Structures are given as structure tokens and as C-alpha cells.
1. Tell me the relative contact order for segment 32-141 as a rounded percent, counting alpha carbon contacts under 8 Å between residues six or more apart.
2. Report the label-to-label distance for residue 200 and residue 143 in nanometres (one decimal), using points 7 Å from each Cα along the Cα→Cβ vector.
3. Just to confirm the filter: which trypsin sites (Lys or Arg not before Pro) across segment 109-202 are DSSP coil and have at most 15 other Cβ within 10 angstrom of their Cβ?
4. What whole number of Å gives the distance from the Cα centroid of segment 69-130 to the Cα centroid of segment 20-60?
5. Using θ = phi - 60° and the Karplus relation 6.51 cos²θ - 1.76 cosθ + 1.60, list the HN-Hα couplings for segment 59-73 in order, rounded to whole Hz, with x at every Gly or Pro.
6. Once you have a ≥ b ≥ c as the square roots of the Cα gyration tensor eigenvalues for segment 130-184, tell me rounded if a/c is under 1.5, and otherwise prolate or oblate according to whether a/b is larger than b/c.
7. Not counting ligands, DNA or RNA, and with a 1.4 Å probe, what is residue 50's accessible surface area in Å² rounded to the nearest 10?
8. Tally Lys and Arg at +1 and Asp and Glu at -1 over the other residues with C-beta under 11 Å from the C-beta of residue 48: what net charge comes out?
Amino acid sequence: MTETNGLRMPRDASARRHPDGPPLGPVATVALGLALIGVLLPAAIAGRVYPSPFESSSQVTGYFADHPFAAVLTALFTFGSAIPLAIVAASASVRLNRLGVRVPGPTIALAGGLLASASLAISGLVTWVLSRPELADAGAGITRRALHDLAFALGGPGFVVPLGLLLAGIAVPSVIVGLVPRWLAWAGLALAAVCEVATLTLLWDGFTVLLPVGRFLGLVWLVVVGFALPRDRREVPRGERRAWRRTSH
């Protein structure tokens with residue numbers, strides 16, 4: 001027991017005053033699971049994958065005209081996966097600060113995660129608009145194509161590039177301080193680099209292959225690091241304490 005302002009408090013009261021928040025690993029797993037379902041389930045129902053913006057206009061508009069329910073499911077799970085991602089970003093930022101990281105990493109992670117979550121959520125909502133039967137009317141083809149390309153831009157580079165900031169914001173302090181195994185921290189940096197290079201998708205469609213790599217492997221990395229990231233300074237490996245002390249001041 002400890003005494004504060006004349007009141008006797010349990011020794012673990014400080015832990016209760018500074019709760020850990022939602023568990024990173026399970027919440028990141030939910031985000032990954034929803035993202036995967038949002039790709040695989042609509043593809044199974046429609047018998048084909050969601051159309052690429054580099055397909056012809058007739059193929060794009062035909063997909064939404066023929067498979068509106070698959071499009072609704074894509075919208076639902078895309079929007080849904082954005083919510084736990086925002087929670088992961090906020091919780092990771094708080095966790096890094098509690099671990100004593102006093103470099104821009106936690107703030108960069110929070111900003112990148114919130115940007116990525118917002119872009120993904122808007123992409124899901126635009127996809128829902130695309131599924132509406134009113135757009136099947138004659139003369140709506142150009143509108144449907146424009147909305148489809150917007151949804152791709154938001155859910156593609158608009159999501160993956162800021163996701164890279166989230167990964168880097170966690171990985172860089174982890175490399176410096178040794179919060180997680182070195183291989184895991186460096187893998188996060190490599191994936192963050194892939195996400196940033198994906199910006200070039202806007203210049204040349206050959207870089208489109210980087211989008212699913214950054215999106216899904218990035219989410220997998222968040223799951224792994226969510227379980228590996230220590231909750232308390234005492235869990236930082238002894239060999240890293242000196243580096244941790246330099247970083248925290």
C-alpha cells in the first residue's frame with residue numbers, strides 16, 4: 001500500500017491510472033481479418049475479383065451492374081476494417097509514449113494510422129455508393145467509372161502510403177530501443193518503404209503490385225508487433241536499457 005494525500009492506495013494504483021488500452025494484437029487481428037474477408041468473400045460470390053481501375057470501362061461498370069451484393073460486401077468490410085485500424089494507431093502511440101519513447105515516432109504512427117483509416121473508410125463508403133441500383137440507369141456509366149477510380153485511389157495508394165507512416169512510426173523506435181526482436185523491427189521498416197514507394201502507382205500502373213503487398217503484409221506485421229510490443233518498461237531487454245534511456249530523454 002502507498003499513501004497519497006492522506007489516502008492509502010494499492011501499489012498497482014498507478015497502473016490503473018494509466019491503463020494499457022485495447023490490446024494491440026487482437027485489435028490488429030480484427031483489422032486484418034475484416035480486410036481479408038472484404039477481398040475473398042465478394043470474389044467467391046461474384047466469381048471474380050474486384051475490378052482494377054486499369055480494366056476497361058465496360059468491365060468496371062459491368063461488375064457493379066452484375067454483382068451489386070458483392071460490391072456491398074466489399075464496402076461493408078472495407079469500412080469495417082478501418083475502425084480497428086484507427087484503434088491500433090491510437091493504442092500504439094500511447095504504448096510507445098508509456099514505454100518512454102520521446103521521439104517523433106509515436107506521433108508519426110498516430111498521424112499515419114488515422115490518415116490510413118480515414119482513407120479506407122471513405123473508400124468503403126464510395127464503394128457502397130457504387131453498389132446502388134440507381135447507378136445502373138442508362139447514362140450513369142461515366143459516373144460509376146469515376147467513382148470506382150476514386151474508391152481505388154482512396155483504398156489503394158491513399159491507404160497504403162499513410163499505412164507506411166504507421167509502420168515506420170512503430171518500427172524506427174523499435175530498432176533504436178530494441179522493443180521487439182530486431183528482425184521484426186527491420187521487417188517493419190522494409191514494409192514501410194514498400195508502402196511509400198507505392199506512391200508511384202499514381203505515375204505508372206506497374207507499381208500496383210506493391211499495393212496488396214503493403215496493405216496485407218503491413219497488417220500482418222501490425223498483428224505480430226502488437227503481440228510482441230512490451231506493455232511495461234521493465235519488459236525491455238536488459239541489453240537495450242541504455243539505448244532506451246537515451247531515447248526517452
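1. Dividing the mean separation by the residue count of segment 32-141 yields 33 percent.
2. Here the answer is 3.8 nm between the modelled labels.
3. none
4. For segment 20-60 versus segment 69-130, the Cα centre distance is 14 Å.
5. Calculated HN-Hα couplings, in order: 5, 5, 5, x, 4, 6, 6, 8, 10, x, 5, 4, 5, 4, 5 Hz.
6. Cα axes put segment 130-184 in the prolate bin.
7. 70 Å²
8. Neighbourhood net charge equals -2.
The values are calculated or read from the model by the stated rules, or taken from the named source; none is laboratory data. A quick note: this is a predicted structure, and the numbers were derived from the prediction, not measured. Because the Cβ atoms are built from the backbone with ideal geometry, glycine has one as well, and the counts that use them run over all protein chains shown. Ligands, DNA and RNA are stripped out before the accessible areas are found, and what is left, the full protein with its side chains, is counted by its heavy atoms. Shrake-Rupley method; radii C 1.70, N 1.55, O 1.52, S 1.80 Å.
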